[in-house]
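Notes to accompany the following structure.
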Amino acid sequence: MAMAGIGVGVAILAWAEWLNRRWSRTLVGESGGASEAVVVLGYRNPQAAANLINRWRVRVGIRSCAVGSHETRVIFCGGAIGGGTSEAELMADYAKTVLGFEGTVLLEDKSTTTWENITNVIPLLEDVDRIKIASQPAHALKARAYLRRRRPDLAERLVRADDYRPGEWMAVKPLLALYGLWTLRGLKADERKGAV
């Protein structure tokens, strides 16, 4: 009985890893060029400092920057919850003061939804060769699908962010996978499985 339980647990973890890996690699291409934008999507943050999820998303964004590139901009997205400091500002502050990030930072601090994140960030993406979206894999896929709907020409510049690493967040990955399936239900089949 114990072995069967272990087997089920391993199968669930493997399924969650596979699903998150697949989402991380959907709707991305191999766009080249010197300049890139890493778009870091915010998550509900009513407190005065970046919360756990936003701190993780910032780390994903920073590690997604091309090594040695001086033409990378990191764009933090997210408005203020309840009139406080915007998510974008909180994440930028964490990137600079805690992680020591010294690269180019831009803020999109008006949006409150993923659709608004993408809509509002478009003007900041027009002149870059590569676009990376940093969040949990399912959320990043949703944002890439939204960019594809809004601006197919920009979506052709999407490349993979470093948002999936085997074993990272392993204990909660099954829950993230279930939540991801629920949040992606509004996407079309070709958006969930297709490539740009």
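FYI, it's all coordinate maths here, none of it is from the lab. Predicted model only: the values in this text are computed from it and were never measured. Cβ atoms come from the backbone with ideal geometry, glycine included; neighbour counts cover every protein chain shown.
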Practice prompt. State whether one or more residues within region 20-29 are more than 24 Å from A138 (Cβ to Cβ) and either surrounded by 15 or more Cβ atoms within 10 Å (Cβ to Cβ) or of a type in the set (G, A, S) (or both).
Written response: no
Worksheet item: In the list D163, D93, which residue meets the criterion of being closer than 18 Å to V40 by Cβ and in contact with a Pro (Cβ under 7 Å, 6 or more places away or on another chain)?
Response: D163
